[in-house]
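What follows draws every value from the coordinates through simple rules; no lab data is involved. Just so we're clear, the structure is a prediction, and the values are computed from it rather than from any experiment. Here the Cβ positions follow ideal geometry from the backbone for every residue, glycine too, while neighbour counts run over all protein chains shown.
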Amino acid sequence: MKEGNFGEALAIINKAIELNPKDARAFCDRAYTYSAIKDYDKALLDCRTAIDLDPRFAKAYCVVGNINWLKGEREDAVNDFNEALHLDPKDPQIWYNRGLYYLHNDNYKCVTDLSEAIRLDPNYKEAYYIRGNAFFDQQKYDAAIQDYTRGIQLNPEVGNLYHQRGFAYLKSGSLENAIADFSKAIELKPQSDAEYYARGYAYSETHTYDKAIADFSQAILLNPRNYGYYEQRSQAYLQIGDKARAGADLNQASALKNQPAGQ
């Protein structure tokens, strides 16, 4: 499942259920796998089976909560997470899942839940990343940087952590640190246009317009349909007095904006 090979995962879990049709954990794992491939009806059916086999199986309620969340049934989702925590308040994964549910909707509750997940498991690297995002939304950039840094210590090969910390540094005015983080993100994700755009924006903030133009150009090469990249490069061209290229970029940005969807 962690490798994304859901077909093989289902085959293994189906065999486990065949060997022991009363194993609630196997049905819950299969439900998780079905939800990953968006077969929510089968996932919910397996969760109900797991709960019938073990009514106090907290993780099954957690999986139901995730499915309801993905389906947009928010009130049902939070009720499921609450029931899961009522049954097993010492499981950091359940606190993490409810915290993830609250992200961008109620960041204070998100921070509270993720802090509890981290208290229960101080090495829960995903929790630091999500809590960092919640702090970022609250404009608590120093706290966000601390969480992203801890996440990087635990998992130094994840480009998104450097990307997010770079923006936190950018917001806090630490431009050189932002550029260093975006550069590391590019090293880890060399085909990501977003990383080049982010570093280009940081270079613009330091008035290093030649490097900004180079990064915006690379972002455009990787994703030529993003009009925002042309707009930012246009501004950089204006700063160095190249009005012709600036105008050409603005025209291209306008053409992309006005292009019908799907073309």
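Can you list residue pairs whose Cβ atoms sit under 9 Å apart, with the first residue in the range 114-141 being without any contact (Cβ under 8 Å) to a residue 40 or more places away in the chain and over 27 Å from residue 173 (Cβ atoms) and the second being surrounded by fewer than 16 Cβ atoms within 10 Å (Cβ to Cβ) and basic (Lys, Arg)? Count only pairs 6 or more apart in sequence or on different chains. Listed by first residue and then by second, the contacts come to 120/90. If the condition is being farther than 26 Å from residue 153 by Cβ and assigned to a loop (DSSP other than H, G, I, E, B), then the range 83-123 contributes 88, 89, 105, 106. For the range 17-29, the condition holds for at least one residue, the condition being that it is touching a Cys at 6+ places or on another chain (Cβ under 8 Å) and touching a residue at least 24 places away in the same chain (Cβ under 8 Å).
Applying the criterion of being among the small types (Gly, Ala, Ser) and surrounded by 18 or more Cβ atoms within 10 Å (Cβ to Cβ) to the residues of the range 219-263, the residue that is farthest from residue 190 (Cα to Cα) is 246. Considering the range 1-40, the residues that are among the β-branched types (Val, Ile, Thr) and within 21 Å of residue 77 (Cβ to Cβ) include one that is surrounded by the fewest Cβ atoms within 10 Å (Cβ to Cβ), namely 37.
Each row is one residue, and each column tells you yes or no for (1) part of a loop (DSSP other than H, G, I, E, B); (2) in contact with a Lys or Arg (Cβ under 6 Å, 6 or more places away or on another chain); (3) crowded, with 19+ Cβ neighbours inside 10 Å.
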residue: 173; (1), (2), (3): yes, no, no
residue: 177; (1), (2), (3): no, no, no
residue: 187; (1), (2), (3): no, no, no
residue: 196; (1), (2), (3): no, no, yes
residue: 201; (1), (2), (3): no, no, yes
residue: 210; (1), (2), (3): no, no, no
